[in-house]
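For reference, the structure is listed below as structure tokens.
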Amino acid sequence: MVKVLFVCLGNICRSPSAEGVFRALVEDQGLSETIGVDSAGTSSWHIGQQPDSRAQAAARRRGIDLSTQRCRQVKPADFETFDYVIGMDRSNFADLSSLAAGARDRVHMFLDFAPETGVKEVPDPYYGGDGGFDEVLDLIEAASKGLLEDIRQNHL
Ligand code: 4NP
């Protein structure tokens, strides 16, 4: 199984959204037995919580249910378990790179899988308006397609 871990700061907005969108894509492609998906936060602030209600509402409008997800913090063993550890912004990437020790080649920036967007980081929607969550989902949908293509080319 190829395992993917999405990581943001809080694990209540961006990375749970990425987990939900990417899992739906994986299921749609009949690859649920082949690709595993999870998410985590670099911070401990929201451990045990459901995704932010605004993230849940935005995802639900696209047919994706985030309600069963619970926040957890990224841990050193994740860099052995997961083939892809994917940060949403440069700050996540820097934090993951320093935690990864010898496994830095597993750490990625999500939007590197969507160069056509011209955007480098998934913006943090936490302190913004509801529109930020739709922008986040648009970027996540684009990068999810690119990530699946990368997995197909390199692992399947
Ligand atoms: P996330 O967004 O990293 O996309 O989950 C945030 C969630 C919470 C906070 C910051 C960003 N916070 O400051 O609590």
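All conditions in (1) touching an Asp or Glu at 6+ places or on another chain (Cβ under 6 Å); (2) within 15 Å of the ligand (Cβ to nearest atom); (3) open to solvent by 30 Å² or more (accessible area, probe 1.4 Å) hold for W45, with the sole exception of (1). Condition check: open to solvent by 10 Å² or more (accessible area, probe 1.4 Å), in a loop (DSSP other than H, G, I, E, B), away from the ligand (no atom under 16 Å from the Cβ) and not hydroxyl-bearing (S, T, Y). Does E27 satisfy that? It is false that E27 is open to solvent by 10 Å² or more (accessible area, probe 1.4 Å), in a loop (DSSP other than H, G, I, E, B), away from the ligand (no atom under 16 Å from the Cβ) and not hydroxyl-bearing (S, T, Y). Looking across region 68-82, the residues that are open to solvent by 60 Å² or more (accessible area, probe 1.4 Å), touching a Leu at 6+ places or on another chain (Cβ under 9 Å) and farther than 23 Å from A24 by Cβ come down to K75, P76. Being in contact (Cβ under 8 Å) with a residue 60 or more places away in the chain, open to solvent by 50 Å² or more (accessible area, probe 1.4 Å), within 21 Å of G129 (Cβ to Cβ) and in a loop (DSSP other than H, G, I, E, B) is the requirement here; does R54 meet it? So R54 fails the test. Could you list, in sequence order, all residues of region 110-133 that are assigned to a helix (DSSP H, G or I) and open to solvent by less than 50 Å² (accessible area, probe 1.4 Å)? Selection gives F110, L111, F113, T117, G132, F133. Among the residues making up region 30-42, a single one is among the acidic types (D, E) and either assigned to a loop (DSSP other than H, G, I, E, B) or more than 16 Å from the ligand (Cβ to nearest atom) (or both): E33. Taking each residue of region 129-140 that is under 14 Å from L25 (Cβ atoms) and in contact (Cβ under 8 Å) with a residue 60 or more places away in the chain and looking for partners that are within 11 Å of the ligand (Cβ to nearest atom) and open to solvent by less than 50 Å² (accessible area, probe 1.4 Å) with beta-carbon atoms closer than 9 Å, six or more apart or interchain, yields L137/S17; L137/A55; I140/F6; I140/R14; I140/S17; I140/A18; I140/M88; I140/V122. If you scan region 80-105, which residues turn out to be acidic (D, E) and outside any helix (DSSP H, G or I)? Listed by number, the residues that qualify are D83, D89. Based on what the data block shows, is L96 modelled with pLDDT of 95 or more, among the hydrophobic types (A, V, I, L, M, F, W, C) and closer than 16 Å to A40 by Cβ? The answer is yes for L96. A single entry from R60, R70 fulfils the requirement of being away from the ligand (no atom under 14 Å from the Cβ) and at pLDDT 95 or above: R60. Only residues that are of a type in the set (G, A, S), within 20 Å of V122 (Cα to Cα) and more than 16 Å from the chain's Cα centre (by Cα) were counted in region 45-69, giving 2.
Are any of the residues in region 94-106 among the charged types (D, E, K, R) and surrounded by fewer than 17 Cβ atoms within 10 Å (Cβ to Cβ)? The answer is yes; a qualifying residue exists. Summed over region 1-24, residues that are aromatic (F, W, Y), within 11 Å of the ligand (Cβ to nearest atom) and part of a helix (DSSP H, G or I) total 0.
The values are calculated or read from the model by the stated rules, or taken from the named source; none is laboratory data. As the structure is a prediction and not an experimental result, all values here were calculated from the model. All Cβ positions, even for glycine, are placed from backbone atoms using ideal geometry, and neighbour counts span all protein chains on display. Ligands, DNA and RNA are stripped out before the accessible areas are found, and what is left, the full protein with its side chains, is counted by its heavy atoms. Shrake-Rupley method; radii C 1.70, N 1.55, O 1.52, S 1.80 Å.
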